[in-house]
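A.B. asks: If you scroll down you'll find the structure; I have some questions about it.
The values are calculated or read from the model by the stated rules, or taken from the named source; none is laboratory data. None of these values were measured; they are calculated from a predicted model. Every residue, glycine among them, receives a Cβ derived from its backbone with ideal geometry; neighbour counts consider all protein chains shown. The area values use the complete protein model at the heavy-atom level, side chains included, leaving out ligands, DNA and RNA. Shrake-Rupley method; radii C 1.70, N 1.55, O 1.52, S 1.80 Å.
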Amino acid sequence: MATLNLFSQPWQPTISPFCCSNTNNNNNVVYAYHNHNNSKLHFFSNSRQFSVLSQLSTNSSKSVSGSSGLQNSSFVSGIEYRKRPLYSVFPTKPAQVSSVEDLYEFICSGPLLDKIGITQEQVAESIDNWLLYGRYLCRLFQLNELFLTEPQKARIYHYYVPVFLWCEQQITEHQSKFKDGEDIPPLVIGFSAPQGCGKTTLVFALDYLFEVIGRKSATVSIDDFYLMAEGQNKLREANPGNALLELRGNAGSHDLAFSVETLTALTKLTREGMKLKLPRYDKSAFNGRGDRADPSTWSEVEGPLTVVLFEGWMLGFKPLPVDAVKVVDPQLETVNKNLEAYYDAWDKYIKSWIVIKIKNPNCVFQWRLQAEIAMREAGKPGMTDDEVRDFVSRYLPAYYAYLPTLYSEGPNGSDPQHLLTIEIDEGRNPILAT
């Protein structure tokens, strides 16, 4: 694809009518600087600081098993957002027309446009938005927008930006249900996706885009609701010999009352000045068995929230007949019983859903193994191959039991009109559904 000469020209960001928000105010300008002492890239905006850990990039642009390179990209230091004009129509110089049209054609070839209800004409009308969002994401992931690889372009323009636009559509529809002057609760969007498929990175990207366009958002994971260490010990003792409940992960290992308390409080952050500390879980505590992090380390969010991004590997799983789960693994019977309480604790709060679909749950092992190898190569503690195999084996029965229903019927209590299913390949990129 031809180089985007557009990015070499001075520009001032603008937003076309296709976008639901605008960024034309100084409060939403984002700045970044690289701190060489702690290897973090710090982003500041009107209300929140972002840190992109150095593990998101290395000193090479290699990718692993066809991955996008967003987590293994060349580090770009000293980045700042410079004000330059962005075109609302194609520029007129022949070279620029060619370069922007190349990107336009690439965007239109993506597998999600039809799913999110955006036509090629709408892409053309809002090409400035796509370029702006793409530029923000390149800055976030420390990529050089002039030299994106094909997988990187696909991850940004075929995946992250389309999903962001779908979320914007869902927010607009949600807010339209309320009258002027009414408190509008944040829309809770659920992300149900297997471990290692990139859901946390996707949510991170979406949260950042919401921030730079001026929307207040909060992110929460089902991991944040694991039982505290004492509760985990009691669960293990109450289910001797059940490997699925020996460690955290499956239904039964979460503090559902705490989930309800947190999610309820989040949906009430509708006004300025209202604040809430979001729980976090420390997976390294007690030699890796984990425990809830000290509240002093929890991050704080402030209202009015527009959207809550809630992600987890088993969100939306529906309990099945006992015989159906026992065929997969007899140990699932207790897990299945525990799952009955999860709709009221989690799923009922979610009004819009994104389901990331995989063809084979065994991908989870390969993805986890890649992550652990990368950690070991970076000099950080990482599980051995055998430990990864044991870890993943505790989740696979639930995947084999519950994913078919999740994919065929949708998440528990979901509305098909507010459900986006994205099928991804082994490289974690969207593909056309088969």
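A.B. asks: Add +1 for every Lys or Arg and -1 for every Asp or Glu among the other residues with Cβ under 12 Å from the Cβ of P185, and state the total.
C.D. replies: On the way: positive: K177, K268, R271, K351; negative: E182, D183.
Here the count lands on +2.
A.B. asks: Next question. Figure the gain on full extension for R236 and E261 (residue separation times 0.36 nm, minus the Cα-Cα span) and round it to one decimal in nm. Kindly include the intermediate steps, with their values, before the conclusion.
C.D. replies: Numbers: separation 25, 0.36 × 25 = 9.00 nm, distance 2.45 nm.
In short, 6.5 nm is gained.
A.B. asks: Still on this structure: Order the peptides 272-284, 327-339, 244-256 from the highest to the lowest mean number of other Cβ atoms within 10 Å of their residues. Before the final figure, lay out each step's value.
C.D. replies: Values: 272-284: 14.2, 327-339: 18.7, 244-256: 21.5.
My ranking of the peptides, most packed first, is 244-256, 327-339, 272-284.
A.B. asks: What translational diffusion coefficient, to the nearest whole µm²/s, does region 325-383 have by Stokes-Einstein, given a Kirkwood radius computed over alpha-carbon pairs, a temperature of 4 °C and 1.567 mPa s viscosity?
C.D. replies: Details: Rh = 15.0 Å.
So the translational diffusion coefficient is about 86 µm²/s.
A.B. asks: How compact and how long is region 95-158, expressed as Rg and Dmax of its alpha-carbon atoms in Å?
C.D. replies: 11.5, 32
A.B. asks: While we're on this one: Sort all Cα-Cα distances of region 181-431 into consecutive 5 angstrom bins from zero, then give the percent of pairs in each bin up to the one containing the longest distance.
C.D. replies: 1, 6, 12, 17, 20, 18, 14, 8, 3, 1, 0, 0
A.B. asks: What residues from region 222-251 fall in the zone where the backbone N is under 17 Å from a label point 7 Å along the Cα-to-C-beta line of D294?
C.D. replies: Label zone hits: 229.
A.B. asks: Pull out the extension gain between E105 and S284, defined as 0.36 nm times the separation in residues minus the alpha carbon to alpha carbon distance; nm, one decimal. Let's see the in-between values first.
C.D. replies: On the way: separation 179, 0.36 × 179 = 64.44 nm, distance 4.55 nm.
Length gained between E105 and S284: 59.9 nm.
A.B. asks: Send over the Kirkwood Rh of region 307-434, from the inverse of the averaged 1/r over different Cα pairs, rounded to one decimal Å. Each step should come with its number before you reach the end.
C.D. replies: Working: mean 1/r = 0.0617 Å⁻¹.
The Cα-based Kirkwood calculation yields 16.2 Å.
A.B. asks: Here's something else I'd like to know. Where the accessible area of region 95-158 is counted over protein heavy atoms with a 1.4 Å probe, how much of it, in %, is carbon and sulfur? Please list the in-between numbers first.
C.D. replies: Working: 1040 of 2120 Å².
On region 95-158, the fraction of accessible area on carbon and sulfur atoms equals 49 percent.
A.B. asks: Summing Lys, Arg as +1 and Asp, Glu as -1, what charge do residues with Cβ under 10 Å from the Cβ of F258 carry, F258 excluded?
C.D. replies: Details: positive: R292; negative: D224, D255, E261.
Its environment carries a net charge of -2.
A.B. asks: If I stretch the segment between T119 and Y407 completely, what's the gain in nm (0.36 nm per residue apart, minus their alpha carbon distance), one decimal?
C.D. replies: Details: separation 288, 0.36 × 288 = 103.68 nm, distance 2.56 nm.
The T119-Y407 span can extend by a further 101.1 nm.
A.B. asks: Where in region 173-212 is the amide nitrogen less than 14 Å from a point lying 7 Å along the Cα-to-Cβ axis of Q417?
C.D. replies: Label zone hits: 173-178.
A.B. asks: Something else: Working from the pairwise distances between different alpha carbons, so that the mean of 1/r is found and then inverted, what is region 253-361's Kirkwood radius in Å? Please report the intermediate quantities before stating the final value.
C.D. replies: Values: mean 1/r = 0.0609 Å⁻¹.
By the Kirkwood definition, the hydrodynamic radius is 16.4 Å.
A.B. asks: Keeping every protein chain present and rolling a 1.4 Å probe, give me the accessible area per residue for region 95-158 in Å². Mind showing how you got there, number by number?
C.D. replies: On the way: 2120 Å² over 64 residues.
Per residue, region 95-158 has an accessible area of 33 Å².
A.B. asks: Where does the charge balance sit around Y159 when Lys and Arg score +1, Asp and Glu -1, over other residues with C-beta under 12 Å from its C-beta?
C.D. replies: Here the count lands on +3.
A.B. asks: Taking a probe of 1.4 angstrom, what is the accessible area of H418 in Å², to the nearest 10?
C.D. replies: 20
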